[in-house]
Structures are given as C-alpha cells and as structure tokens.
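Trainee: Mind having a look at this structure? Questions to follow.
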Amino acid sequence: MTAPSPASEPRTDVARALKHAAIAGLVSFGMLLPLIGFRTIQDMRNELVLETRPLLLASFVLLTIAGSLLVSLVLVPWKQRRAAAHIPGESVRRAHWRAHVAKWLVPFALGFVVLYPVIVLLGTGFGGAVKWIDNFGIQILIYVMLGWGLNIVVGLAGLLDLGYVAFYAVGAYSYALLAKEFGLSFWILLPLAGTLSAFWGILLGFPVLRLRGDYLAIVTLAFGEIIRLILINWVDFTGGYAGVSGIPRPTFFGIPFNANDDGFAAVFGLEFTPLYRTIFLYYVILGLALLTAFVTVRLRRLPVGRAWEALREDEIACRSLGLNTTNTKLTAFAMGAMFGGFAGSFFAARQGFISPESFTFMESAIILAIVVLGGMGSMIGVAIAAVAMIGGTEIMRELEFLKLIFGQDFEPTQYRMLLFGLAMVLIMIWKPRGLISTREPSAFLKERKTVAATFVEEGRG
Amino acid sequence: MEVFVQQLINGITLGSIYGLIAIGYTMVFGIIGMVNFAHGDVFMVSSFIALVAALVLTTWLGISSVFLSLFIVLIVGMLLTSLVSWTIERLAYRPLRGSFRLAPLISAIGMSIFLMNFVQVAQGPRNKAVPPMLQQVIVVMERDGYEVTVSYRQLVIWAVTAFLLLAFWYVVSKTSLGRAQRACEQDQKMASLTGVDVDQTISITFVIGAALAAVAGTMYLMYYGVVSFSDGFVPGIKAFTAAVLGGIGSIPGAVIGGLLIGLIETMWSAYFSIDYKDVAAFSVLVITLIFLPQGILGRPEVEKV
Amino acid sequence: MIPDAILRVEHLTMRFGGLVAVHDLSFAARRGEITALIGPNGAGKTTVFNCITGFYKPTEGRIALNRGGPSLWNELDALTASSVRSRKGPGGSLYLLERMSDYLVTMDARVARTFQNIRLFRGMTVLENLLVAQHNKLMIASGFTLFGILGLPVYARAESAAIERAAAWLEKIGLIDRADDPAGDLPYGAQRRLEIARAMCTDPVLLCLDEPAAGLNPRESTELNELLLSIRDETDTSVLLIEHDMSVVMQISDHVVVLDYGVKISDGSREDVRNDPKVIAAYLGVEEDEVEAVASEVGL
Ligand SMILES: Nc1ncnc2c1ncn2[C@@H]1O[C@H](COP(=O)(O)OP(=O)(O)OP(=O)(O)O)[C@@H](O)[C@H]1O
Ligand SMILES: [Mg+2]
C-alpha cells in the first residue's frame, strides 16, 4: 500500500463526504417519504385520506445531507485533530479541575436547592412562583429521588430493573387508598407506604434472583406491566382507569393548606395563596430526597453497601467469600423499592389524584435512563441527569416563543418525549458510561483516590 | 368445542404475527446479545408505512385488486422498514458495540421512545382506521347456530407467513449469509478473522428482522383495520415473550413461541377474562424465565466457575 | 484413615451429562499441612475444588470438614445418616460440605478459595476487596446495618479493626502502598497475592488455591512459596493447592494427590509421588511401561 500524498488527501475526503451525504439523503428520503411526505387525516366522511407535505420532506432530506456533511467534514476531522494533538499533562490538569469542581459542586448545589423557592419568589414574584417551584423544583426532585432509589438497585448492586415504576405505584396507591379509607395522616402513611413497597420489592425480587442481565430486565418490566394492568382492571379496589381522586393533601403539623379559617394562611395571618402549599411540598420532597442521599451514602460505607458493589463486580467471588448473595440482592431491591414507595406516596399527596396513566413503562424507562445517563452508581451524576432530562423536557412547555417562528400550530410540548428519546441515544453515544463514570471508594487507608471508569464493572445481574 | 376451534384459528393468526416479530428479536439477540427494544416500534412504523402505501395505491392510483395492492404494500413496507432498521442499527447501536453493556439497551429504549413520538408528531395521535377488506369467511363447522369461521384475511395471513418463513429458513440455513450469521453468533473475532464481514452481517440481520416485522405490521393492519402510534409496545413485548418462550437465539423457537403466545392470549380471552389477557401473556413471560430460562428450544447457559 | 485430617473427600464422583470429570476420588488433607492436588490439563482438579466449595453439587460421594478434635471423625457416619449438614463437637463442628450451599461453606465451615481466573472486585480498591472479605463479621458489628445507619461507635470500632487487619495482610503481601488503588490496576502477580490475602481475610481453616503460581515469573513464584509457607506455619489455616507446575509443588507441599482423567493415580509424600511411574506417565502422556524409554529420551 502506498501512503496517500498529503496534497490529494483533502480532495478525496470531500468526495467521500459528498458521497456519504448523498447516500444519507437518499436513505432519509426513503425512510421519511411515507411518514413525513404523507400525512393521513380523516376527512368529513371519517375516511382516511392522504395529504402531501413535499416541502417538509425536502427540508428534512436537506437537513440530513447538511448534517452528514457537517459530521464528515467538521466533526470527524476535529476529533482526529484532537486525538492527534495530545497535550501532555492535559488529563492531569483536567482531573485536577474536575476534583476542584466536585469539591464545590455539592455544597453549592445544596445551598441552591434550599434557597430555590426564595430565589424563584424574588425572580418572578408571587404570580409565577407556583409554576416554577412545582413544575421544576418538585418535579425534578421527585425524579432525583427516584433516580437515587433505582441507583441502589442498578448502579450499586448492578441488577437491571426495568419495572421500578411498580414500586412508585405501590407507594402512591398505598397512600391514596389508606388515606381515603382510614383518614390517616401523610406522616404516618409515608413510612407505611415505604414499608409496603419494600415488601413488594422483596416479593418480586425472590423469583428473579437467579436471572441475569437482560432476562432480569425483561422480567422486571413484565412485573411492572402486570402491576399496572392490575391497577387498571381491578376496578373495585383501585378505581381502574379513572384512578383515585380526592386524595387527602398533607398538612402542616395538622394545619391544612386551604382558604378556611383554620387553614395555614388564616392561622399565620397571611393572605391565602396556593403558593404556601407548593413551598411546603417542595421542602417535603427536598427532605425526602436528602434522606435518600444520606441513607445511601451511609449504606455504601456499611457492609451491605459494599456487598452490593461487590455483587456488581463479581457475584461468584462474593459467594466464595461467604456473602449471602440472595439476601444482598433482596436488600438492594427492598431499599430501592422503599425509596420508590416514599416518592410514590409523596406524588399521590402532591397530585391529589392518581391513575394508572402515571405508572407506565415509560416512567420506568425515564428513571432508568436518568440512572444510566448520570453514570451508574454516581449520585451526583444521577442528580445532574435528572435536572437535565426532566428540566429539559419541562422547559419545552415554556417555549411559547417558538410559535412565533414555526407558526401558531406548533405545539412545543409534543416534542418533549421525542427529544427525550433522542437525547437518550445521543448521550449514550457520547458517553456510554454516563456523565460521571468514576467511582468513589467507600473506605481508604491513606488517601481517597477516585477509581477510573475502566475498572468498574457494570454487573451481570 | 366450537369455541375452542374458533379460538385456535384466531390464535394461530395472532401467533403468526407475533412469530414474525419474534424472529427479529431472537436473531438480533443471537448475534449481538442485545434486546433490540425498538423492534416493537419498528413493527409499528411498518404498519404506518403499509397504511400510507395502501392509501396511495387505492385512493391515488385506483388499484382495485386487493391481492395486487397487498403484494405491492408488502414489498414497499419490507423495503422501507428495512431501511429504517438499517439506519437505526447504523446510528444508534453500532457506535456502542462492544462498549458498556447497558449502553445499547438504553440507546434502544431511547430509540423506541423516539420512534413512537416521531410517528405521533408526524401522523397525529389518533387511531388510524382503514376500511375492512377481505371480509368473506368460510364456515368450517357449525353447530346450534354457532359458526366456526376462517376469514379470507386469516387465510392470507397464514399463507404469507408460511411462505415467508420458508423463504427465510432457506436463507439462514442454506446460504452463505446464514453461515456468516452463525459464525458471528459463535465468535465475532474468529468470524472476522476467517473473512466474514461482521458489520455487514449484523446489518443484514437487522434488515431481515425488520422485513419480517414489516410483514407482521402489514398483516396487523389488515387484521385489525386500525393502528396507532402506541401500538408497538404491547405486541413488541409479547413477541419478545414469544422469543424467550421458544428459547432466545433459536429461530424455530421464535415461531413456536409466537404461536403459543397467540394461542394463550386467545384462549385466555375466551375462557377467562379478556381484561386480563395481557396479564396472562406477561405472566407466561415471568414464569418461563424463572422456570425455563433457556426456553423450549434454547440451550441452557452454564455457569463456569 | 488419617486421624488429624481437616478435610476428607470420599468416593467423590462428578458427572456433566455423559462426561465423568471426577471418578470415585478419595483423599484427605491434614491439618496444618499443605496438600497439593496435581494433574494434567482437564484432569478434574478445578471440578474437585468446585465440589468442595459448594459451587457444584457432587453426583456422588461425601466431603467432610472437621473443625473439632480428631475424635469428631467418629461421628461422621452418624452425621451422614442424619439429614443435617453439621454436628457440634468439642472445639468445633463437623460439616458435610456437599450439603451446604457455596456461601455457607465459607461462612460456617470456613473454607476459602481463590480462582484459576482471578476474580477480584476490579473496580473496588485493594483495601475494599479485603473489607468485603470480612463482610459477615462486619455485618454483625453493624447490627445488620441498623447500628451502622445510626452511626453508633460499635461499628466504627469494628470497621477500623477490619481495616487494621487488612493493612496487616497488605503489609505481608507487599501491597500496602497500593491499598487505595483499584484492584484491577495491579500487575498480575500482585492480583494473585491479593486474591490469596482476600481469601485469608475470611478467617478460613482451609484455604483452597487454584493454580496460584500460574503466570508468575520465577521471583514472584518464590515469593508465593514463602507466603504459602508462612500461612501454613503462622496461622491455623491448612492449605489445599492445585498446581500444574510440578516444581512449585515439589518445593512446598507436604502431601501430594495426583489426578488424571478424574481418577486418583497417586497419593503420598512428594518423594513417593515424584518417583511414581504412573505420575510420570500421566505427565508425559505415555503408557506406563514406556516411561523409562521416554524419560531417558527427554533426559529425566
Ligand atoms: N460446568 C461444567 N460443565 C461441563 N463440563 C465441565 C464443567 N466444568 C468442568 N467440566 C469438564 O470437566 C473436565 C475437568 O475440568 P477441570 O476444569 O476440573 O480440569 P482441571 O484439572 O482444572 O484442568 P486445568 O488444569 O486445565 O485447569 C473437563 O473436561 C471440563 O471440560
Ligand atoms: Mg482448573
């Protein structure tokens, strides 16, 4: 083989890039022709007719061609140049910088979330605050908590669980039904719902202990779906599709958040606004999430937590060291399920209404995506992923201005899940091990050194 | 008895559809050990492609022969769905091959979410109903006014499935492509050393799986006469159940598993409760995996210490 | 019958479908000695280990471990006739290992093992590997997690004791400076030593080592010999060792059992075994009566 002369190299590159772009354009034309080029709509007589969208199709194909050119002419050479120009000491400097960020990130983030309602109030005033605290603050924190809960099962113990939403549902329905039936308070039912979920975690965990890898994932998925289908079909107990409404809302030490004379606003001599309840709920979920974090951090330094991680690394070695792997797996399932249950009962209390709609497989997929995208086992990574993914999709609701660009028919919220799915794919390709893939050791002799991602196993369970 | 025979007929029809989808799962799992989570949505996309193609043929070109249009729809559906699946493999799975085990799974789940929402946005969230076709039925038996019937639609589904399975069986057992696939299943490194183009073989596996799913998608549309963007998930899971039940990695197993799942579902609906038919299918999945993880025709996995 | 045996394997047979990996094997390992199990590739050595440590359920035969005095062996038949898996005696219990699941063999009967293909927790630090090995002890100290969650000092004390113990072992295997590095980052020989130390941290009475010298260079091999001898002499742990390489075996083992095609062909002191024509035949892969001819040919 002869080495290509440096002069001719760029030319052939361009030719190749053009060829690739042409192929990409053709492929995208073929794929998109039926789905974008045509639209099936119902006419007056309720029959399906076709509408054509040649312009839209053409713009998609052109976009694909442009994208392909961009990748092969800009992105790939840039990557090659970066790989070639290896700056000595750069990785050290970067690690240093990262350690620096990590040191300040946690206290800063903590301060921010604690002050968040105040910041929102200052920023938006009373009018817009409910939306920002509820849609962003509470919503994201619920997913942070769910992510941290599932992180115990998937990230630490290495057991792939695609049916985590089942425990979320058990927690939610436990609270909803028990609160309506017996009128017990949120604070009594919260631990109860968590316990029930943990119990279900063990119950579902038992039969699947022997399974590994994708099989485990699929069985847990099936369990999640079975529980949802039971919630739908057992109408007498769960209300079926209609769900449960009128769920009692949490009170402030017995003082309800309503406009009555004994309500929170009246008791404290304030003017009634729904904001107080929202702020209260915000701090409740913040407390629950921090509890999850605290317990997980503690557990990681205890024998159980270390056993979880050892299980992820090598199950057979665990057994050879006298670890009861059955119990280890079950505690992981139970712990994860318990936090899911807490989050579920909070969700029910916050919404006041629940239905099986909220507990679809999609939720499990989102939570798992948050854990994997964040970096399995890394609590900071999971929190960042939750903020990015949930915050990102919530932001889509706010982009009303896009209507000015794309026309009044444009509904940005429609694209939320579309972009969510796309982001999952892209992040995996960009960082297959997630945003933070290093591991912090649970104990050290002289100094705490971060374990590089390449050594950490992902678990076969 | 009549009910049983009728459900048998319905079950085999449904089972053929599941079996066709299941082959895609089982082949991909066999060759790269990955659950192609987006396969159910590829099936759904193929239903939409078939829908558009059928509408173009009937309302624009005015082709009135049902069989001719069905034939063209099948061909177009198989081609374009294959293209979709090829692209997905190329963009979303290939870059992740050989990396972190969970990455392809998450990527596939992301792809599944993407496809579903893409179709929802592009074609609208409502169910798409097509006018029923091939409605004639043949009465197989009759007693006390209860007729057991086979519809032309069902016959077409059986015939097409049988023909395709034969053609497909020929490809994987008698051609060099089939040999290359089996070589990659055994050991990708060795296969590439002996001159097998591994990337291409994997691509073709996705393409074949998608083509069969496209047939299933067309049949599904013809059988039920309605499709929506969310119709990929449940049939996808059931087809996966079929693949697992038959023994994942085994192609005849996928067909047998598909038929079994179809039968379980129709029998359950007839004799127990139609509400819980999906619960029945999922329970079969759980029970199989727990008690017979290697499936009916699969080989057990040995744990070497 | 050896009265001071710690382990007795009797009529052990293990079949995999039609393949008989181990056939009617009986031998004993003495307390406080290094017993070597040798044999050519595929002889069934690892299979014997897997049966002893509960990873495989033997097709036939019994495996007994005695943690009490020699007189406890008299109870063996009574124990076998009963349906339980252990019997208490003065000073310790007698266990039927084939009745126990893998983790109980380590937790109760105190048999620890290493693997032919190293199985360290690669993503955990060297120290963490040794802490996982002390799991059961720490679990009790942490009040099955409850005290630990509450942050009681009982657990903190137990943990620092465990760390001290780990540090002592690291000192001994020369890895104290790498305590906080991931186990997967260590060179091969160090990983082998660490796996042995990890097994020792479970406080075993019997340590089963599957080809610990495989892949070591001569210097590392010598260090390993010293380590094994010190385990024999300084701890209460007896050693059962699989080795491929005769030279290692001949230097340190007190007693050698030779396996070929799943059958025991020789059993005795290293001198006995070294001069046994059957053993030489098995290793050279020739019939017994040809040994002398072949041996002189290759210059033995
Ligand atoms: N789980 C299993 N299933 C089927 N056959 C097995 C299994 N484990 C071991 N064998 C077979 O049993 C025989 C003995 O294997 P074993 O691993 O015990 O040999 P070994 O003496 O340890 O050999 P080596 O020196 O190569 O490690 C081999 O033929 C092997 O293939
Ligand atoms: Mg061996």
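Trainee: Among C:271-278, C:53-60, B:10-17, how do they line up by average Cβ neighbours within 10 Å per residue, starting with the highest?
Mentor: Highest to lowest by the protection proxy: B:10-17, C:53-60, C:271-278.
Trainee: Just want to confirm a number: the relative contact order over chain C, from Cα pairs under 8 angstrom separated by 6+ residues, in percent.
Mentor: Values: 534 pairs, mean separation 71.4, N = 300.
Once divided by the residue count of chain C, the mean separation gives 24 percent.
Trainee: Hey, another quick one. Among all the lysines, which ones have a C-alpha under 18 Å from C:LYS45's C-alpha, if same-chain residues fewer than 8 places away are not counted?
Mentor: B:LYS304, C:LYS57, C:LYS264, C:LYS278
Trainee: Just reorder A:ASP43, C:ASP77 by solvent-accessible area, largest first, 1.4 Å probe, all chains present. Walk me through the numbers before you get to the answer.
Mentor: On the way: A:ASP43 45, C:ASP77 100 Å².
From most exposed to least exposed: C:ASP77, A:ASP43.
Trainee: For the charge dipole of the protein assembly as shown, defined by +1 on Lys and Arg C-beta atoms and -1 on Asp and Glu C-beta atoms about the Cα centroid, which residue among B:ALA210, C:LEU229, A:ILE36 has the Cα displaced farthest towards the positive pole?
Mentor: Positive-most Cα among the choices belongs to A:ILE36.
Trainee: Using 7 Å Cα-to-Cβ label points, what is the C:LYS88/A:PHE294 separation (nm, one decimal)?
Mentor: Taking the simple label geometry, C:LYS88 and A:PHE294 are separated by 4.2 nm.
Trainee: Could I ask something else about it? Give the peptides A:242-248, C:255-261 in descending order of average Cβ contacts within 10 Å, highest first. Numbers along the way, then the final one.
Mentor: Values: A:242-248: 16.9, C:255-261: 22.7.
For the peptides A:242-248, C:255-261, the packing ranking is C:255-261, A:242-248.
Trainee: How large is the direction-averaged shadow of the alpha-carbon convex hull of the protein assembly as shown, in nm²? Mind dumping the intermediate values first?
Mentor: On the way: hull surface 218.2 nm².
The number I arrive at for the protein assembly as shown is 54.5 nm².
Trainee: Projected onto the charge dipole of chain A (+1 at Lys/Arg Cβ, -1 at Asp/Glu Cβ, origin at the Cα centre), which of A:TYR173, A:GLN80, A:ILE436 gives the Cα projection farthest towards the positive end?
Mentor: Of the listed residues, the answer is A:GLN80.
Trainee: Which one, A:ALA266, A:VAL295, A:PRO107, projects farthest toward the positive side of the charge dipole computed for the protein assembly as shown from Cβ point charges (K/R +1, D/E -1)?
Mentor: Checked the options; the winner is A:ALA266.
Trainee: Additional query: Check the straight Cα-Cα distances from B:LYS238 and name the lysines below 24 Å, setting aside those fewer than 8 residues away within the same chain.
Mentor: Partners within reach: B:LYS128, B:LYS277.
Trainee: Just tell me how shielded B:269-276 is by partners: mean number of partner chain Cβ atoms within 10 Å of each residue's Cβ, no decimals. Intermediate results must be reported in sequence, preceding the final value.
Mentor: Numbers: counts 0, 0, 0, 0, 1, 1, 7, 6.
Across B:269-276, the average partner-chain Cβ count within 10 Å equals 2.
Trainee: Quick one: Karplus J couplings for the stretch A:285-297, per residue in order, coefficients 6.51, -1.76, 1.60, θ = phi - 60°, nearest Hz, x for Gly and Pro?
Mentor: Going residue by residue, I get 5, 4, x, 5, 5, 5, 4, 4, 4, 4, 4, 5, 4 Hz, with x marking Gly and Pro.
Trainee: A further question follows. Within chain B, which complete DSSP H helices have Cα atoms spanning at least 18 Å along the helix axis and a mean Kyte-Doolittle hydropathy of 1.6 or higher?
Mentor: Details: long enough: B:2-32 (44 Å, 1.42); B:39-55 (24 Å, 1.70); B:66-88 (32 Å, 2.41); B:102-123 (31 Å, 1.55); B:152-174 (32 Å, 1.29); B:198-224 (38 Å, 1.29); B:233-246 (20 Å, 1.48); B:251-271 (30 Å, 1.37); B:277-291 (21 Å, 1.97).
Both cut-offs are met by B:39-55, B:66-88, B:277-291.
Trainee: Averaged over peptide A:437-445, how many Cβ atoms belonging to another chain are found within 10 Å of each residue's Cβ?
Mentor: Working: counts 1, 1, 5, 0, 10, 6, 13, 6, 13.
Across the residues of A:437-445, the mean count of other-chain Cβ atoms within 10 Å is 6.
Trainee: Hey, another quick one. Distance check, please: which entries in A:LYS329/C:LYS137; A:LYS131/A:LYS180; A:LYS79/A:LYS403; C:LYS88/C:LYS137; A:LYS449/C:LYS172 exceed 29 angstrom between their Cα atoms? Walk me through the intermediate numbers first.
Mentor: Values: A:LYS329/C:LYS137 19 Å; A:LYS131/A:LYS180 27 Å; A:LYS79/A:LYS403 36 Å; C:LYS88/C:LYS137 21 Å; A:LYS449/C:LYS172 22 Å.
Correct reply: A:LYS79/A:LYS403.
Trainee: Return one number: the angle in degrees, 0 to 90 and rounded to the nearest 10, between the long axis of the Cα atoms of helix C:188-200 and the longest principal axis of the Cα atoms of chain C.
Mentor: 70 degrees
Trainee: Order A:THR52, A:THR328 by their accessible area, 1.4 angstrom probe, all chains in place, largest first.
Mentor: Numbers: A:THR52 75, A:THR328 10 Å².
Result, largest first: A:THR52, A:THR328.
Trainee: Could you work out the pair-distance distribution P(r) of the stretch B:2-231 from its alpha-carbon pairs, with 10 angstrom bin width and percents rounded to whole numbers?
Mentor: Binned Cα distances yield the sequence 8, 30, 32, 21, 9, 2, 0.
Trainee: Next up: Accessible area, 1.4 Å probe, largest first: how do A:TYR168, A:TYR116, C:TYR283 sort?
Mentor: Sorted by accessible area, descending: C:TYR283, A:TYR116, A:TYR168.
Trainee: Ignoring ligands, DNA and RNA and using a 1.4 Å probe, state the total buried accessible area between C and A in Å², rounded to the nearest 100. The partial results should precede the final answer.
Mentor: On the way: alone 14150 and 26280 Å², together 37000 Å².
So the total buried area for this chain pair works out to about 3400 Å².
Trainee: Another question, if that's okay. Given the DSSP H assignment, sum -39500 (n - 2.57) over each helix run of at least 4 residues in the protein assembly as shown and divide by its residue total; what's the result at 222 nm in deg cm²/dmol, nearest 500?
Mentor: Numbers: 42 runs with 628 residues, N = 1066.
That calculation yields -19500 deg cm²/dmol at 222 nm.
Trainee: Further, regarding this structure: Probe radius 1.4 Å, ligands and nucleic acids ignored: give me the carbon and sulfur share of the accessible area of the stretch A:404-452 as a rounded percent. Intermediate values should be presented prior to the final figure.
Mentor: Details: 1700 of 2780 Å².
Reported share for carbon and sulfur atoms: 61 percent.
Trainee: Then there's this: For the stretch B:170-236 and the stretch A:384-430, what is the centre-to-centre distance using only Cα atoms, to the nearest Å?
Mentor: Computed from Cα coordinates, the inter-centre distance equals 32 Å.
Trainee: Is there a simple number for the mean count of other chain Cβ atoms within 10 Å of the Cβ of residues in B:49-57, and what is it? The partial results should precede the final answer.
Mentor: Details: counts 5, 1, 5, 9, 3, 1, 7, 4, 0.
Partner-chain Cβ atoms within 10 Å, mean over residues of B:49-57: 4.
Trainee: What longest region of chain A stays clear of GluC sites (Glu not before Pro) that DSSP places outside H, G, I, E and B and that have at most 11 other Cβ atoms within 10 Å?
Mentor: No qualifying site falls inside A:1-270, the longest such stretch.
Trainee: Shifting gears a bit: With just the Cα atoms defining each centre, how far is the stretch A:159-192 from the stretch C:172-207? Give it in Å.
Mentor: 45 Å
Trainee: Take each of the peptides C:141-151, B:233-243, average the number of other beta-carbon atoms within 10 Å over its residues, and list them starting from the highest.
Mentor: Working: C:141-151: 16.6, B:233-243: 26.2.
My ranking of the peptides, most packed first, is B:233-243, C:141-151.
Trainee: If r is the Cβ-Cβ distance from B:PHE163 to B:LEU91 and R0 is 35 Å, what FRET efficiency results, to the nearest 0.05? Don't skip to the answer; put the middle values down first.
Mentor: Details: r = 32 Å, r/R0 = 0.92.
Rounded to the nearest 0.05, the efficiency is 0.65.
Trainee: A follow-up question, please. Considering just Cα atoms, how many Å³ per residue does the convex hull of the stretch C:119-202 enclose? Intermediate results must be reported in sequence, preceding the final value.
Mentor: Values: hull volume 7.0 nm³, N = 84.
About 84 Å³ per residue, rounded to a whole number.
Trainee: Let me ask something additional. Quick one: if the Förster radius is 22 Å, what FRET efficiency do A:LEU50 and A:GLU357 give, using the C-beta to C-beta distance and rounding to 0.05? Please list the in-between numbers first.
Mentor: Working: r = 32 Å, r/R0 = 1.45.
Taking R0 as 22 Å, the efficiency between A:LEU50 and A:GLU357 is 0.10.
Trainee: When the accessible area of each residue in the stretch C:72-119 is compared between its chain alone and the complete protein assembly (1.4 Å probe; ligands, DNA and RNA ignored), which residues differ by at least 30 Å², being lower in the assembly?
Mentor: C:ASP102, C:TYR103, C:THR106, C:PHE115, C:ARG119
Trainee: In percent, what relative contact order does chain B have, based on Cα pairs under 8 Å that are 6 or more apart in sequence? Display every interim value, and only then the final one.
Mentor: Working: 478 pairs, mean separation 109.8, N = 305.
Relative CO of chain B lands at 36 percent.
Trainee: Right, another one. To the nearest 0.05, what FRET efficiency results for A:LEU26 and A:GLU398 with a Förster distance of 45 Å applied to their C-beta separation? Could the numbers behind the result be given before it?
Mentor: Values: r = 38 Å, r/R0 = 0.84.
So the FRET efficiency works out to roughly 0.75.
Trainee: Then there is this: Given charges of +1 on the Cβ of Lys and Arg and -1 on the Cβ of Asp and Glu, with all other atoms neutral, how large is the dipole of the stretch A:11-84 about its Cα centre, in debye to the nearest 20? All intermediate terms of the calculation are to be shown ahead of the outcome.
Mentor: Details: 9 positive and 4 negative charges, 115 e Å.
Rounded to the nearest 20 debye, it is 560 debye.
Trainee: With charges set only on the Cβ (+1 for Lys and Arg, -1 for Asp and Glu), what does the dipole of the protein assembly as shown come to about its Cα centre, in debye to the nearest 20?
Mentor: Values: 84 positive and 88 negative charges, 460 e Å.
Dipole of the protein assembly as shown, to the nearest 20 debye: 2200 debye.
Trainee: Give me the base-10 log of I(q)/I(0) for the stretch A:11-84 at each q in 0.18, 0.21, 0.23, 0.27 Å⁻¹, Debye formula, one uniform scatterer per Cα, rounded to two decimals.
Mentor: Rounded to two decimals, the profile gives -0.74, -0.87, -0.95, -1.09.
Trainee: Another question about this same structure. Can you list the chymotrypsin sites (Phe, Trp or Tyr not before Pro) in the stretch A:260-299 that are in a DSSP coil and have 11 or fewer other beta carbons within 10 angstrom? Show your work: numbers first, answer last.
Mentor: Details: sites: A:PHE264, A:PHE268, A:PHE272, A:TYR276, A:PHE280, A:TYR282, A:TYR283, A:PHE294; in loops: A:PHE268, A:PHE272.
Answer in residue order: A:PHE268.
Trainee: Just to confirm, what accessible area per residue do you get for the stretch C:119-202 at 1.4 Å probe, in whole Å²?
Mentor: Values: 2950 Å² over 84 residues.
With the other protein chains kept in place, the stretch C:119-202 gives 35 Å² per residue.
Trainee: Here's another thing I want to ask about it. Just the accessible area per residue of the stretch B:2-231, please: how many Å² with a 1.4 Å probe? All intermediate terms of the calculation are to be shown ahead of the outcome.
Mentor: Details: 9030 Å² over 230 residues.
For the stretch B:2-231, the solvent-accessible area averages 39 Å² per residue.
Trainee: On to the next question. Using Cα pairs under 8 angstrom and six or more residues apart, how large is the relative contact order of the stretch A:179-246, in percent?
Mentor: Details: 20 pairs, mean separation 11.2, N = 68.
The normalised contact order for the stretch A:179-246 reaches 16 percent.
Trainee: Take the Cα radius of gyration of the stretch B:159-305 and divide it by 2.2 N^0.38 Å, with N its residue count; two decimals is plenty.
Mentor: On the way: Rg = 17.4 Å, N = 147, 2.2 N^0.38 = 14.7 Å.
The stretch B:159-305 yields a ratio of 1.19.
Trainee: Normalised radius of gyration for the stretch C:1-144, please: alpha carbon Rg relative to 2.2 N^0.38 Å, two decimal places. Could the numbers behind the result be given before it?
Mentor: Values: Rg = 16.5 Å, N = 144, 2.2 N^0.38 = 14.5 Å.
Cα-based Rg divided by the globular estimate yields 1.13.
Trainee: Give me the accessible area buried between chains B and A, both sides summed, with a 1.4 Å probe, in Å² rounded to the nearest 100.
Mentor: Details: alone 15410 and 26280 Å², together 35720 Å².
Roughly 6000 Å².
Trainee: Let me ask you something else. Label C:SER26 and A:THR413 with points 7 Å out from Cα along Cα→Cβ: what is the distance between them in nm?
Mentor: 8.0 nm
Trainee: Taking the Cα centre of the stretch C:119-202 as the origin, how large is its charge dipole in debye, to the nearest 20, when only Lys and Arg (+1) and Asp and Glu (-1) carry charge on their Cβ atoms? All intermediate terms of the calculation are to be shown ahead of the outcome.
Mentor: Working: 10 positive and 9 negative charges, 64 e Å.
Once rounded to the nearest 20, the dipole reads 300 debye.
Trainee: Run the quick spin-label model on B:ILE75 and B:GLU147: label points 7 Å from Cα toward the beta carbon, then report their separation in nm to one decimal.
Mentor: 3.5 nm
The values are calculated or read from the model by the stated rules, or taken from the named source; none is laboratory data. As the structure is a computational prediction, the values presented were derived from the model and not from experiment. As a convention, Cβ positions derive from the backbone with ideal geometry for all residues, glycine included, and neighbour counts pool all protein chains shown. In case anyone asks, the SASA skips ligands and DNA or RNA and just uses the protein heavy atoms, side chains included. Shrake-Rupley method; radii C 1.70, N 1.55, O 1.52, S 1.80 Å.
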